[in-house]
1. Give the residues of region 110-136 whose amide nitrogen is closer than 11 Å to a point set 7 Å from the Cα of residue 179 in the direction of its Cβ.
2. Between residue 125 and residue 40, with labels modelled 7 Å along Cα→Cβ, what's the label distance in nm to one decimal, could you check?
3. Fewest Cβ neighbours within 10 Å first, please rank 30, 101 accordingly.
4. Over region 27-209, what is the percentage of antiparallel beta bridges among all DSSP beta bridges, to the nearest 5?
5. Residue 74 to residue 135: extension gain in nm, 0.36 nm per residue of separation minus the Cα-Cα distance?
6. Would you mind ranking 199, 50 by Cβ crowding within 10 Å, fewest neighbours first?
7. Sorting check: for 138-146, 200-208, which peptide has the highest mean count of neighbouring beta carbons within 10 Å, and how do the rest follow?
8. Fewest first, what order do 81, 44, 69 take by the number of other Cβ atoms within 10 Å?
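Only the coordinates and a few stated rules stand behind these numbers; no lab work does. It should be emphasised that the depicted structure is a prediction, and the values quoted were computed from it without experimental measurement. Cβ placement follows ideal geometry from the backbone for every residue including glycine, while neighbour counts extend to all protein chains displayed.
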């Protein structure tokens with residue numbers, strides 16, 4: 001009996017996870033895919049975890065390949081689900097990462113304000129990858145300078161960051177994943193901008209509708225499918 005109950009619980013959890021309209025019993029209006037890119041070690045994983053968790057994470061292992069997290073929150077009067085893909089940043093994973101650009105509604109390009117190379121690589125490598133692999137012409141991009149808590153070690157000025165963002169038509173923000181300064185603002189700005197674009201809004205709501213249809217479709221073994 002215990003085994004049967006556990007199996008039923010697993011099935012129920014899978015159904016809830018597979019439902020596009022509900023995550024943790026919370027409905028949402030739009031579903032957007034967001035990609036985090038930039039050199040390894042710039043703090044992409046820390047930035048993501050600072051956004052989705054109330055706990056600070058000071059020591060994280062490097063991301064291997066690609067990981068993703070889901071965040072539900074309300075903004076602009078709309079309930080939004082963000083599926084945020086965190087990429088490794090190592091060059092050897094480049095062929096794997098290219099496929100994750102597909103269908104992205106938003107891209108966060110991250111550099112470390114204390115590491116000049118991570119900033120120049122955004123223009124020389126990552127911005128070019130976005131142009132090459134991004135399949136959504138209306139995709140919103142935001143350039144983020146992380147680790148402003150290390151002001152004494154700064155190697156990239158705020159003005160330089162703003163200039164690069166303007167050159168590549170990106171939003172811009174400096175933040176600290178460690179202290180959470182501007183972390184929420186980063187994702188808020190990106191999400192609000194995505195909601196302003198009709199094609200992204202339509203696509204984000206279409207995803208929700210498709211997922212609802214999948215969730216409501218009778219499954220083999222259900223009483224209504226027999």
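1. Inside the label zone: nothing.
2. A separation of 1.0 nm, rounded to one decimal place.
3. Details: 30 24, 101 21.
Lowest to highest Cβ neighbour count: 101, 30.
4. Numbers: 10 of 32 bridges.
Percentage antiparallel, nearest 5: 30.
5. Numbers: separation 61, 0.36 × 61 = 21.96 nm, distance 2.69 nm.
This chain segment gains 19.3 nm when fully extended.
6. Numbers: 199 12, 50 25.
The fewest-first ordering by Cβ neighbours comes to 199, 50.
7. On the way: 138-146: 24.0, 200-208: 17.2.
Ranked from most to least packed, the peptides come out as 138-146, 200-208.
8. Working: 81 24, 44 28, 69 17.
In order of increasing Cβ crowding within 10 Å: 69, 81, 44.
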